[in-house]
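The values are calculated or read from the model by the stated rules, or taken from the named source; none is laboratory data. Since we're looking at a predicted model, the values are computed, not measured. Note that each Cβ is placed from the backbone with ideal geometry, even for glycine, and that neighbours are counted across all protein chains shown.
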C-alpha cells in the first residue's frame, strides 16, 4: 500500500515567535504519527515540531531538504518513500506548502503516481490578508513574488493597470519598503486601493487598506516582517 502525502501548514509569522494557537488539534495528532518530512528549511521544521510536541522524537525523524535548488533525484527520493508505504509530511518554511513553494512539485509527482494527498488546515497569509482587506474577494489573482530586479518589478506592476479585481503579492521582508514605494509611484489612478498586511497572526500584526493617493501623502515605514500586498 502506498503512503499518503500530508501538506502541513507552518506558522506564518517570525520563527522566533512561533505560536501554535492557530494549529488545530487534529493536525498535531497527524504530525505526531509522521516520521519522514520533505521540508524547505530543516531548522524551521524541527523547531515547529518541538513547538507542537516538546516530546516529539526529532532524533529518529527523517528530514529531506526540498527547495528551489532541488533536482529530480531529490523528488524521486520522496516518491520512493511514498511508494514503499511511508507517509510523508511536507512543510514550507512558512505558511502553506505548495503555494509559491517547492512543495508544488512534490504534489505534481504524487498525482502522477496516484498517491493520496491530504492538505491540512492551517494559516494562509494570502487568504487571511484578502479576508481582512475589504477588497474584491470575488475576483482576485495571486501573483506570488514580483521580479527581484527593480525595473522588471515596476514593469510587472504596470502590466496590471488595465485589469480589475484584487492582485495579491508576497515579498521577501527586506524588499518590503522598495515594493511599497514602487506600488505607490506606479499607480496614478486615485481610485486604486492598496492593502498592506504585515506579520499576520504574529505579535506585530498590522493590516491597513487605503487609497493609493492617500498613502502618497503619508510616511509609511515597513519593517522586515512577512508582508502581503493587495492592489485593487
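Within the range 103-125, the residues that satisfy the criterion of being under 15 Å from the mean Cα position of the chain (by Cα) and closer than 21 Å to residue 35 by Cβ are 103, 119, 120, 122.
Screening residue 100 on (1) modelled with pLDDT under 90; (2) part of a helix (DSSP H, G or I) shows it passes everything except condition (2). Candidates in the range 70-97 are the residues that are within 24 Å of residue 12 (Cβ to Cβ) and not in a loop (DSSP other than H, G, I, E, B); of these, the one that is farthest from the chain's Cα centre (by Cα) is 78. When the range 30-68 is limited to residues that are within 18 Å of the chain's Cα centre (by Cα) and part of a loop (DSSP other than H, G, I, E, B), the one that is surrounded by the most Cβ atoms within 10 Å (Cβ to Cβ) turns out to be 66.
Given the structure, is residue 198 touching a strand residue (DSSP E or B) at 6+ places or on another chain (Cβ under 6 Å) and modelled with pLDDT of 95 or more? Step through it out loud before you land on a result.
On the way: touching a strand residue (DSSP E or B) at 6+ places or on another chain (Cβ under 6 Å): yes; modelled with pLDDT of 95 or more: no.
Judged against the criteria, residue 198 is not a match.
Considering every residue within the range 107-122, establish whether at least one is closer than 25 Å to residue 11 by Cα, at pLDDT 95 or above and part of a loop (DSSP other than H, G, I, E, B). Scanning the range 107-122, I find at least one residue that is closer than 25 Å to residue 11 by Cα, at pLDDT 95 or above and part of a loop (DSSP other than H, G, I, E, B), so the answer is yes. Taking the range 123-159 as the range and being outside any helix (DSSP H, G or I) and more than 20 Å from residue 194 (Cα to Cα) as the test, the residues that pass are 123, 148, 149.
Just to be sure before I move on: is residue 227 touching a helix residue (DSSP H, G or I) at 6+ places or on another chain (Cβ under 8 Å) and without any contact (Cβ under 8 Å) to a residue 60 or more places away in the chain in the structure I sent? So residue 227 fits the description; yes. The listed residues are 82, 130, and the only one of them that is surrounded by 19 or more Cβ atoms within 10 Å (Cβ to Cβ), in contact with a strand residue (DSSP E or B) (Cβ under 8 Å, 6 or more places away or on another chain), over 30 Å from residue 187 (Cβ atoms) and at pLDDT 95 or above turns out to be 82.
Just need a number here: residues in the range 24-46 that are touching a strand residue (DSSP E or B) at 6+ places or on another chain (Cβ under 9 Å) and more than 24 Å from residue 105 (Cα to Cα). Before the answer, list the steps.
Restricting attention to the range 24-46, the residues satisfying the condition of being touching a strand residue (DSSP E or B) at 6+ places or on another chain (Cβ under 9 Å) are 27, 30-31, 34-42, 44-46.
Checking which are more than 24 Å from residue 105 (Cα to Cα) leaves us with none.
Residues meeting the conditions: 0.
In the condition set (1) free of Cβ contacts under 8 Å to residues at least 12 places away in the same chain; (2) over 25 Å from residue 112 (Cβ atoms); (3) surrounded by 13 or more Cβ atoms within 10 Å (Cβ to Cβ), residue 74 is compliant with all but (2).
Out of all the residues in the range 202-220, which are under 20 Å from residue 137 (Cα atoms), outside any helix (DSSP H, G or I) and in contact with a helix residue (DSSP H, G or I) (Cβ under 8 Å, 6 or more places away or on another chain)?
207, 209
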